[in-house]
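The values are calculated or read from the model by the stated rules, or taken from the named source; none is laboratory data. Because the structure is predicted, anything quoted here is derived from the model rather than measured. Glycine gets a Cβ as well: all are built from the backbone with ideal geometry, and neighbour counts include every protein chain shown. The protein model used for the area step is the full one, side chains on, heavy atoms only, and it has no ligands, DNA or RNA in it. Shrake-Rupley method; radii C 1.70, N 1.55, O 1.52, S 1.80 Å.
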Amino acid sequence: MIGKQELDLDVAESARISSEASISDGVKIGPRVIIGPDVVIEKNTVLEADVEIVGKTYIGSGNHIGRGVLLGYPPQHTGYQGEPTQLVIGSDNYFGPGVTVHRGTKDTGETRIGSGNYLSAFAHIAHDCQLGDRIRIGNNTQVAGHVEIGSEAEIGNQVGIHQFVRIGRASILKSSSKVIKDLPPFFKAEGHPAKLSGLGKCRGEEFKLIMARVYEYICYSGLNISQSIEKIKNEFKAAEITELIAFIENSSRGICR
């Protein structure tokens with residue numbers, strides 16, 4: 001264990017920290033915390049009781065990691081053969097009690113979580129997921145492998161997200177939804193399976209009006225997706241619309257609608 005005299009740390013006596021771990025000043029480590037040898041924790045991060053961090057895991061500054069959180073465990077994937085993969089976490093995130101985040105497989109090599117995110121109690125982020133910034137994820141939500149979640153997305157409680165699904169930026173997923181197709185940015189979806197049900201986080205009245213028309217074209221015009229996209233391209237030129245169109249055109253699973 002790294003002694004208190006070696007670093008400016010607040011470490012509970014029962015914590016077990018590898019001498020090979022890299023921990024910056026100002027980190028607070030609670031009772032019965034376990035930290036493995038390949039872990040890096042930057043300054044002013046708080047680890048509550050019973051946290052376990054193993055594997056090659058990097059944690060940025062100012063994170064708050066709740067009781068019983070497990071970070072950096074091997075991917076739950078039958079094809080994983082112990083390859084050197086990692087978990088990378090940005091700064092100023094909150095991990096609620098019991099959250100689990102696994103590191104990547106050899107496919108991508110890493111699971112990555114950005115900064116300013118809020119993961120509520122018992123959320124699970126599986127191997128190879130890529131999360132942006134300022135995302136909100138509700139209690140008991142389960143995110144399968146290789147999922148991508150764009151910045152500022154808001155995901156409710158007890159949501160199940162299928163592997164390889166993409167959740168677009170500033171989108172909203174309502175609680176208890178099952179998501180098996182991609183959710184485009186700036187839209188809201190819900191249901192079992194999830195279908196588009198309105199607008200997501202659209203800043204400004206002008207953009208809301210544009211997105212309302214886009215929503216009608218995609219969901220209620222009777223056009224197929226290709227026809228809807230062509231109509232949207234011809235009618236609207238906002239940067240967010242370009243982002244939306246690129247997301248839909250690059251979707252391999254199809255979109256919720």
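Observations, loosely collected:
- Of all residues in segment 62-104 being modelled with pLDDT of 95 or more and among the β-branched types (Val, Ile, Thr), the one that is nearest to Ile135 (Cα to Cα): Ile89
- The condition (being over 26 Å from Gly145 (Cα atoms) and not β-branched (Val, Ile, Thr)) is satisfied by just one residue among Ser61, Ser22: Ser22.
- Restricting the first member to segment 129-144 and to residues that are in contact (Cβ under 8 Å) with a residue 40 or more places away in the chain and more than 18 Å from His77 (Cβ to Cβ), and the second to residues that are surrounded by fewer than 22 Cβ atoms within 10 Å (Cβ to Cβ) and of a type in the set (A, V, I, L, M), the beta-carbon pairs closer than 7 Å and six or more apart or on different chains are Asn139/Ala121.
- Qualifying residue in segment 223-246 (condition: under 20 Å from Gly150 (Cα atoms) and aromatic (Phe, Trp, Tyr)): no
- If you go through segment 149-159 and keep only what is more than 11 Å from the chain's Cα centre (by Cα) and buried (at least 18 other Cβ atoms within 10 Å of the Cβ), you end up with Gly156, Val159.
- Matching option when the condition is surrounded by fewer than 20 Cβ atoms within 10 Å (Cβ to Cβ), within 26 Å of Ile161 (Cβ to Cβ) and not charged (D, E, K, R), among Ser221, Ser171, Ser197: Ser197
- Checked against (1) open to solvent by 30 Å² or more (accessible area, probe 1.4 Å); (2) over 22 Å from Asn117 (Cβ atoms); (3) touching a residue at least 24 places away in the same chain (Cβ under 8 Å), Ile248 passes all but condition (1).
- Checking each residue in segment 135-148 for being assigned to a loop (DSSP other than H, G, I, E, B) and over 10 Å from the mean Cα position of the chain (by Cα) picks out Gly138, Asn139, Asn140, Thr141, Ala144, Gly145, His146.
- Hits in segment 42-73 - residues which are charged (D, E, K, R) and not in a loop (DSSP other than H, G, I, E, B): Glu52, Lys56
- Near pairs, Cβ below 8 angstrom, 6+ apart or cross-chain, from segment 231-242 (within 15 Å of Glu216 (Cβ to Cβ)) to any residue that is of a type outside the set (Ser, Thr, Tyr) and open to solvent by 80 Å² or more (accessible area, probe 1.4 Å): Glu235/Arg213; Phe236/Arg213
- Candidates Ile180, Ile210, Ile172, filtered to the one that is among the aliphatic types (A, V, I, L, M) and either at positive phi or under 16 Å from the mean Cα position of the chain (by Cα) (or both): Ile172
- Contacts under 6 angstrom Cβ, first residue in segment 84-96 being of a type in the set (D, E, K, R), partner open to solvent by less than 20 Å² (accessible area, probe 1.4 Å) and at pLDDT below 95, 6 or more apart: none
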